[in-house]
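First comes the structure, then the notes that go with it.
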Amino acid sequence: QVQLVESGGGLVQAGGSLRLSCAASGRTFSSYTAAWFRQAPGKEREFVTTITWSGGTTYYADSVKGRFIISKVNAKNTMYLQMNSLKPEDTAVYYCAAKPTRNPSTRRGDYAYWGQGIQVTVSS
């Protein structure tokens, strides 16, 4: 029903910036919460940041706080992840996700809809 498609990934040098996009389709999202997760090789998929679709409340993992910014354009059903001051440790496959409730969550299991993921590689 809900489809999420990421774009904007790629290779960037450490200290650089990159912006990811996540386009959603299938329904209205006024009661939804959206999020970004990432998974590095050999590691579990981890929470990055989240935003409520209606109120715009945000929350960030400590590892990206102050460097990453999540935003959205409701009319376009699109959210963004602006990544600044990138580090090699940020290298991972990044996934956008959504759930049909307004309760923010950092847990993978709470999100019903997922994109395919997009590679972000940060070189030193």
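The values are calculated or read from the model by the stated rules, or taken from the named source; none is laboratory data. Remember, it's a predicted structure, so these values are computed and weren't measured experimentally. Because the Cβ atoms are built from the backbone with ideal geometry, glycine has one as well, and the counts that use them run over all protein chains shown. The area values use the complete protein model at the heavy-atom level, side chains included, leaving out ligands, DNA and RNA. Shrake-Rupley method; radii C 1.70, N 1.55, O 1.52, S 1.80 Å.
Taking the stated definitions as given, is Gly56 in contact (Cβ under 8 Å) with a residue 12 or more places away in the chain and under 12 Å from the mean Cα position of the chain (by Cα)? No, not satisfied. All of (1) assigned to a loop (DSSP other than H, G, I, E, B); (2) open to solvent by less than 10 Å² (accessible area, probe 1.4 Å) hold for Thr101 with one exception: (2).
Just one residue in the set Asp90, Asp110 is of a type in the set (Asp, Glu), under 15 Å from Val122 (Cβ atoms) and either surrounded by 20 or more Cβ atoms within 10 Å (Cβ to Cβ) or more than 13 Å from the chain's Cα centre (by Cα) (or both); that residue is Asp90. A count restricted to the range 32-46 and to residues that are farther than 13 Å from Trp114 by Cβ and either in contact with a helix residue (DSSP H, G or I) (Cβ under 9 Å, 6 or more places away or on another chain) or acidic (Asp, Glu) (or both) stands at 4. Of everything in the range 50-81 that's among the polar types (S, T, N, Q), within 19 Å of Gln116 (Cα to Cα) and out of contact with any Pro (no Cβ under 6 Å at 6 or more places or on another chain), which residue is surrounded by the fewest Cβ atoms within 10 Å (Cβ to Cβ)? If we take residues in the range 50-81 being among the polar types (S, T, N, Q), within 19 Å of Gln116 (Cα to Cα) and out of contact with any Pro (no Cβ under 6 Å at 6 or more places or on another chain), then Thr78 is surrounded by the fewest Cβ atoms within 10 Å (Cβ to Cβ). Checking each residue in the range 71-101 for being of a type in the set (A, V, I, L, M) and either out of contact with any strand residue (DSSP E or B) (no Cβ under 7 Å at 6 or more places or on another chain) or more than 18 Å from Gly10 (Cα to Cα) (or both) picks out Val73, Ala75, Ala97, Ala98. In this entry, Ala23 passes the filter for residues that are touching a helix residue (DSSP H, G or I) at 6+ places or on another chain (Cβ under 8 Å) and under 22 Å from Gln3 (Cβ atoms).
Checking each residue in the range 53-64 for being in contact with a Ser or Thr (Cβ under 9 Å, 6 or more places away or on another chain) and modelled with pLDDT of 95 or more picks out Thr58, Tyr59, Tyr60, Ala61, Val64.
Any idea which residue in the range 6-49 is modelled with the highest pLDDT, counting only those that are closer than 21 Å to Asn103 by Cβ and of a type in the set (Lys, Arg)? Result: Arg45.
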